[in-house]
Amino acid sequence: MTAGSGGFGGSAQQAEQQVRAWAAGAAAKAQRYEQMQQQVAEITETDTSADGAVRVTVAASGVLTDLQLSGRAREREPDRLAAEILAGMRRAQGKLSARVAEVMAATVGEDEETVRSVVRSYQQRFPEQTEQGGRGSGGELRFELPEDDDPPPPSRRRWPPTRDDEDDDFGGSSILR
């Protein structure tokens, strides 16, 4: 290494230009990642049931942000309505990875490994749901719990058996006679 080269090769002026170019590239990359983060944070997905009775919206985090029920929802049994809400939420969550992939491709697409890693993470957390996913015959949602008409009796705490020959100073007689 010659004096004044700064380790970048060539003259000091060339080294300074290389450092400036590197710093500008790093700043531009940081700006693209910040833009990507902001755009991903703004993503929402909505799913509406086939008859329009249930409409759910989720944020990029998968959290339910809006739930709208039409008058038809009142006609449903509570367990069926709950199942429809959850199924709609899962379908909306399942759409998130495609939207995240779009945003990332547009902002930081040159970093393919990061894009793949983040999109794969979304796909694992929120798998894409098929239209028929969770539906029984006739398009009806099923929400089944195991039937157990006779729950076990509550357990009774059993104290360890005592021995009569223990000297515990509690002989059974009261001192307040």
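The values are calculated or read from the model by the stated rules, or taken from the named source; none is laboratory data. This is a predicted model, so every value here is computed, not measured. Backbone-built Cβ (ideal geometry, glycine too); neighbour counts: all protein chains shown.
A few notes on this one:
- Subset of segment 50-103 (residues that are touching a Pro at 6+ places or on another chain (Cβ under 9 Å) and among the polar types (S, T, N, Q)): Gln93, Ser97
- Restricting segment 59-83 to residues that are within 19 Å of the chain's Cα centre (by Cα) and of a type in the set (S, T, N, Q), the residue that is nearest to Ser97 (Cα to Cα): Ser61
- Within segment 16-56, tally of residues that are in contact with a Leu (Cβ under 7 Å, 6 or more places away or on another chain), of a type outside the set (Gly, Ala, Ser) and within 16 Å of Ala83 (Cα to Cα): 2
- Among all residues of segment 76-96, there is none that is over 30 Å from Met36 (Cβ atoms), modelled with pLDDT under 90, surrounded by 14 or more Cβ atoms within 10 Å (Cβ to Cβ) and of a type in the set (D, E, K, R).
- Members of segment 43-63 found to be acidic (Asp, Glu) and modelled with pLDDT under 95, listed by number: Asp51
- The criterion of being at pLDDT 95 or above and either over 17 Å from the mean Cα position of the chain (by Cα) or surrounded by 13 or more Cβ atoms within 10 Å (Cβ to Cβ) (or both) does not hold for Val40.
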